[in-house]
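Report on one structure; see the data block that follows.
The values are calculated or read from the model by the stated rules, or taken from the named source; none is laboratory data. Since the model is a prediction, treat every value here as computed from it, not as a measurement. What goes into the accessible areas is simple: the full protein's heavy atoms, side chains included, and nothing from ligands, DNA or RNA. Shrake-Rupley method; radii C 1.70, N 1.55, O 1.52, S 1.80 Å.
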Amino acid sequence: MAVMFPFMQVRRDALGCDALCQGGQTSLRSALTLVGAAVIGRASDRVGRVPMLWVGTAASLASIVISLCSDSLTGMWLAVVPAALLNQNFSVCKALFSDYIDEAGGTDADKAGAVGKLGMAVGFSFMVGPILASALISDYRRALLLSAAITAASSVFLLLLPTPSRLSRQQRGGGGGGASSPG
């Protein structure tokens, strides 16, 4: 979604979203992210990390579709909800990395290194995405389409992720369905 950043202010201005509107959207996004972090975090413990990555990806695509289909402030507000509430993919990825490292017998230092690299990759995307979008496209609609294409393409990589064992999450004290037996 970083490819949309260069075009979002122009879009807000075109729809008449003043400082109060923008501040309200930022507060809404923050509140929904706070609630979503708890809900998706718990769900990733119970249902699994990879399914919650799919939910987050679908939520991002839903937000993009709402933005594409709406040309109003109401649509702009509605587009905030799915991604802010349900796309907790960064946190879920950190938990998934922890699961993988636990299964491989890694140490806490290994976990810290993996999560640090993940953070660097996300930071890099927030630096490169807006510059790339500014160089390749010229308007908000095209930014939405590019963002949708990148999100859909990246979802292919979710198919390649191995699912950590349920036992691994239970042994660490995570969810995984309570007292069920492995297997």
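Which of the helices in the chain, when you take each full DSSP H run, stretch at least 24 Å along the axis at their Cα atoms and have an average Kyte-Doolittle score of -1.0 or higher?
19-46, 49-69, 108-136, 140-158
How many percent of the accessible area of the stretch 35-141 is carbon or sulfur, using a 1.4 Å probe?
On the way: 3880 of 5490 Å².
The computed percentage sits at 71.
Over the stretch 1-111, give the accessible area per residue in Å² for a 1.4 Å probe, as an integer.
Here the residues of the stretch 1-111 average 49 Å² of exposed surface.
Expressed in nm², what is the orientationally averaged projection area of the convex hull enclosing the Cα positions of the stretch 1-158?
Taking a quarter of the hull surface, the average projection is 9.7 nm².
Note the full-extension length gain between E103 and L20 as 0.36 nm times their separation in residues minus their Cα-Cα distance, in nm to one decimal.
Here the answer is 25.1 nm.
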